[in-house]
Amino acid sequence: MESLTEQRMSTPRAAGAAGIAFALLLAAAIVLMRFAVPAGDPQGATIDPSRRWAVQVALEIVPFAGIFFLWFMGALRDHSGDAEDRFVATAFLGSGFVFTASLFVAAGAAGTVLQEATSSVSFGRSFAYTVLTTYAMRMAAVFVFATSTIGRRLGVFPRPLALFGYAAGLVLIVIGSGVPWSEMIFPVWVLVVSLHILRAKLRRPA
């Protein structure tokens, strides 16, 4: 019984560590892809051959980002325990899984960029951009809403953090692909939440 208690008490730290790793990896992948594909119309943009390495590195990063995100989800859900609302928990799990799947699909489609870098119009590039900014980011918005709601109801998120989550989710679900770099909001939110979890863990008395 004591070991199970200690394991549950260590869950917030695991969630914070996994969240930080995911946020940094996803942000790095987004920056690399934006660096490789010039700003503007993603369907008509061409890739500088000297920057193809950025696409390759980003594709190598994405699977690890997805793994850490699943770990982040599991640790957060274990932290909420049996007190979570089933409706919100369903939105939490569903949006998280769909986001991860969409992220992997977008990465797979983006891999065609390496074979079609000389083409001015690439189906793979356009498809990857649409899946990431239109579908994955909107599922990320639902995940942000659900997590903020659970955190606020359980009292583990302070009011400013919950409001920040609702604002971030609103931007992701409304703006979507309309504003370049708007997808960076999600890893920033995960990083802020993870740092809050680690800070709360350090402040908690033994």
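The values are calculated or read from the model by the stated rules, or taken from the named source; none is laboratory data. Quantities reported herein were computed from a predicted structural model and do not represent experimental measurements. Glycine also receives a Cβ, built like all others from the backbone with ideal geometry; neighbour counts cover every protein chain displayed.
Cβ-Cβ under 6 Å, sequence separation 6+ or interchain: first residue in the range 157-169 and surrounded by 14 or more Cβ atoms within 10 Å (Cβ to Cβ), partner of a type in the set (F, W, Y). Which pairs? Close Cβ pairs satisfying both conditions: A168/W189; G169/F145. With respect to the conditions (1) at pLDDT 80 or above; (2) crowded, with 19+ Cβ neighbours inside 10 Å; (3) closer than 26 Å to R199 by Cβ, M33 falls short on a single one, namely (3). Of everything in the range 8-24 that's modelled with pLDDT of 80 or more and more than 10 Å from F72 (Cα to Cα), which residue is surrounded by the fewest Cβ atoms within 10 Å (Cβ to Cβ)? If we take residues in the range 8-24 being modelled with pLDDT of 80 or more and more than 10 Å from F72 (Cα to Cα), then L24 is surrounded by the fewest Cβ atoms within 10 Å (Cβ to Cβ).
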